[in-house]
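Report on the structure given below.
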Amino acid sequence: MFGFNYYTPTKVVFGKDTELKVADLIREFGGTKVLIHYGGGSVIRSGLMQRVTDTLDGAGIQYVMLGGAVPNPHLGLVYEGIELCRKEGIDFLLAVGGGSAIDSAKAIGYGVTNEGDVWDFYDRKRDVQACLPLGVILTLAATGSEMSDSSVITKEEGLVKRGYSSDHGRPKFAIMNPELTMTLPDYQTACGCTDIMMHTMERYFTNGGNMEITDSMAEGLLRTVKTNAQILAKDPKNYDARAEVMWAGSLAHNGLTGCGNDGGDWMTHMLEHEMGGLYDVAHGAGLAAIWGSWARYVYKNCLPRFKRYAINVMGVEPAGTDEEIALKGIEAMEDFYRSINMPTNMRELGISPTEEELKDMAHKCSVSVGGASGSARVLNEEDMLAIYRASM
Ligand code: NZQ
Ligand code: ZN
């Protein structure tokens, strides 16, 4: 078991109608002029934005709006947001939407409060010293960005998708009303559940410092999301299932399931980021498509964890050799993906990269992790290419 820092400064306000508390929360954290940042318009179509602006108008809080954060959000809009904030004298950011709007807002917050090009941080050239205060109204349970220290941005030139993590970027508050996720297409709900589980699995399949209390919480979280994802596939308006998944999404990526271990493997995410950068696929679906190939490639190097996962999460009978049990767990996970209409390979994801593109993705992925990375098994460029090929 390793020592750890656990830092979750985000005030969570959870439940029905909580978006109506937004003005009070912005005031509480010192905001006087707000940039409301959102995506392609789902929050306008659902009526949420009207409720938010009515609440701000009622409280006399000034605001400027900037929409257009696309899934796999672009650097170009981040630059636009930085300029707008400077011009308007913005002192608070409010992201309304899913991970893309939140991540784009974090990047804008870094850009406004730090000198120079904001891409430098994503390019690992230097670290941020501050961020504009940020609040979130979450509409998609998935990335955990509402409590996490991460932000993932795509630079259009060269289609480079990179994450950056800093405690400065953790939101001041997160408003989570499970009802707001009921307008999601079923596909996005399933993508979200996949991402939530993967944030926990990345921290679970490790060879370093595992801790029983962390494992127990992780397994409980995984079983809960698995059950409720299947409920939502049939009954998307089920409030309790929406609520279970939404809270799990935050706990899966606020650091809780990493306490005591080596920080996690993260290679499924790194492999997916290249697919998302090049093909603009939904993050959760990309993870599901690559996970099985990754798992089969690494499980022998992390057998006790794969065996435990098979039994405690997927309910596999503890009979046979450890390898057999581990493989049954991987198969059961893929069956679960199919049960919620998630892909289990690139073909089902709807992409068919050429050999050259696979090589390019493997190369970019290895560069992004500094050559080689992973905890279940350390992967180099050659390994990454083998996993991409196996997922075709
Ligand atoms: O853009 P709008 O019109 O709002 O539509 C979005 C978008 O099309 C739609 N949507 C969101 N809430 C909705 C809704 N549609 C109807 N009703 C609602 N209530 O869903 C689509 C996807 O939204 P997006 O924000 O892109 O999804 P997600 O939350 O999955 O975010 C994905 C991005 O986050 C990054 C991913 O790589 C990807 O770029 N990640 C961020 C992380 C973090 N910051 O900690 C960690 C993750 O591992 C991940 O990498
Ligand atoms: Zn993720």
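At least 3 residues being within 13 Å of ligand 1 (Cβ to nearest atom) and either surrounded by 23 or more Cβ atoms within 10 Å (Cβ to Cβ) or of a type in the set (A, V, I, L, M) (or both) is the threshold, and among the helices (runs of 4 or more DSSP H) wholly inside the stretch 254-344 those reaching it are 267-279, 283-298. Checked against (1) farther than 30 Å from L358 by Cα; (2) touching a helix residue (DSSP H, G or I) at 6+ places or on another chain (Cβ under 7 Å), K234 passes all but a single condition, namely (2).
Within the stretch 60-73, residues that are over 20 Å from S145 (Cβ atoms) have Cβ atoms under 8 Å from residues that are of a type in the set (S, T, Y) and surrounded by fewer than 18 Cβ atoms within 10 Å (Cβ to Cβ) in these pairs: I61/T32; Q62/T32; Y63/T53, counting only partners at least 6 apart in sequence or on another chain. Scanning the stretch 239-297 for residues that are of a type in the set (F, W, Y) and away from ligand 2 (no atom under 13 Å from the Cβ), we see that the one that is farthest from L385 (Cα to Cα) is Y239.
Taken as a whole, the condition of being surrounded by fewer than 18 Cβ atoms within 10 Å (Cβ to Cβ) and not in a helix (DSSP H, G or I) applies to G208.
This table checks each residue for (1) away from ligand 1 (no atom under 16 Å from the Cβ); (2) among the basic types (K, R); (3) in contact with a helix residue (DSSP H, G or I) (Cβ under 9 Å, 6 or more places away or on another chain).
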position: C193; (1), (2), (3): no, no, yes
position: M197; (1), (2), (3): no, no, yes
position: R203; (1), (2), (3): no, yes, yes
position: D240; (1), (2), (3): yes, no, yes
position: A243; (1), (2), (3): no, no, yes
position: A248; (1), (2), (3): no, no, yes
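Looking across the stretch 370-385 at every residue that is part of a loop (DSSP other than H, G, I, E, B) and under 21 Å from the mean Cα position of the chain (by Cα), the one that is nearest to E274 (Cα to Cα) is identified as G374.
With a requirement of 1 or more residues that are under 25 Å from D24 (Cβ atoms), the helices (runs of 4 or more DSSP H) lying completely within the stretch 46-139 that satisfy it span 48-59, 75-88, 99-113. Scan the stretch 21-47 for residues that are surrounded by fewer than 19 Cβ atoms within 10 Å (Cβ to Cβ) and of a type in the set (A, V, I, L, M, F, W, C) and the total you get is 2. Any residue that is over 22 Å from S216 (Cβ atoms) and of a type in the set (F, W, Y) - is there at least one of those in the stretch 305-316? The answer is no; no qualifying residue exists. Looking only at residues of the stretch 199-217 that are touching a Ser or Thr at 6+ places or on another chain (Cβ under 6 Å) and within 15 Å of ligand 2 (Cβ to nearest atom), we find that the one that is farthest from L287 (Cα to Cα) is R203. Within the stretch 347-360, count every residue that is over 20 Å from the mean Cα position of the chain (by Cα) and either more than 26 Å from E334 (Cα to Cα) or part of a helix (DSSP H, G or I) (or both). Total satisfying the criteria: 8.
Which ones in the stretch 105-123 are surrounded by fewer than 24 Cβ atoms within 10 Å (Cβ to Cβ) and either closer than 19 Å to V52 by Cβ or free of Cβ contacts under 8 Å to residues at least 12 places away in the same chain (or both)? Residues satisfying the conditions are E115, G116, D117, D120. In the stretch 116-128 there is at least one residue matching the filter, namely being modelled with pLDDT of 95 or more, under 18 Å from the mean Cα position of the chain (by Cα) and more than 7 Å from ligand 1 (Cβ to nearest atom).
The values are calculated or read from the model by the stated rules, or taken from the named source; none is laboratory data. Keep in mind that what you see is a predicted model, and the values were worked out from it rather than measured. All Cβ positions, glycine included, derive from the backbone under ideal geometry; neighbour counts span all protein chains shown.
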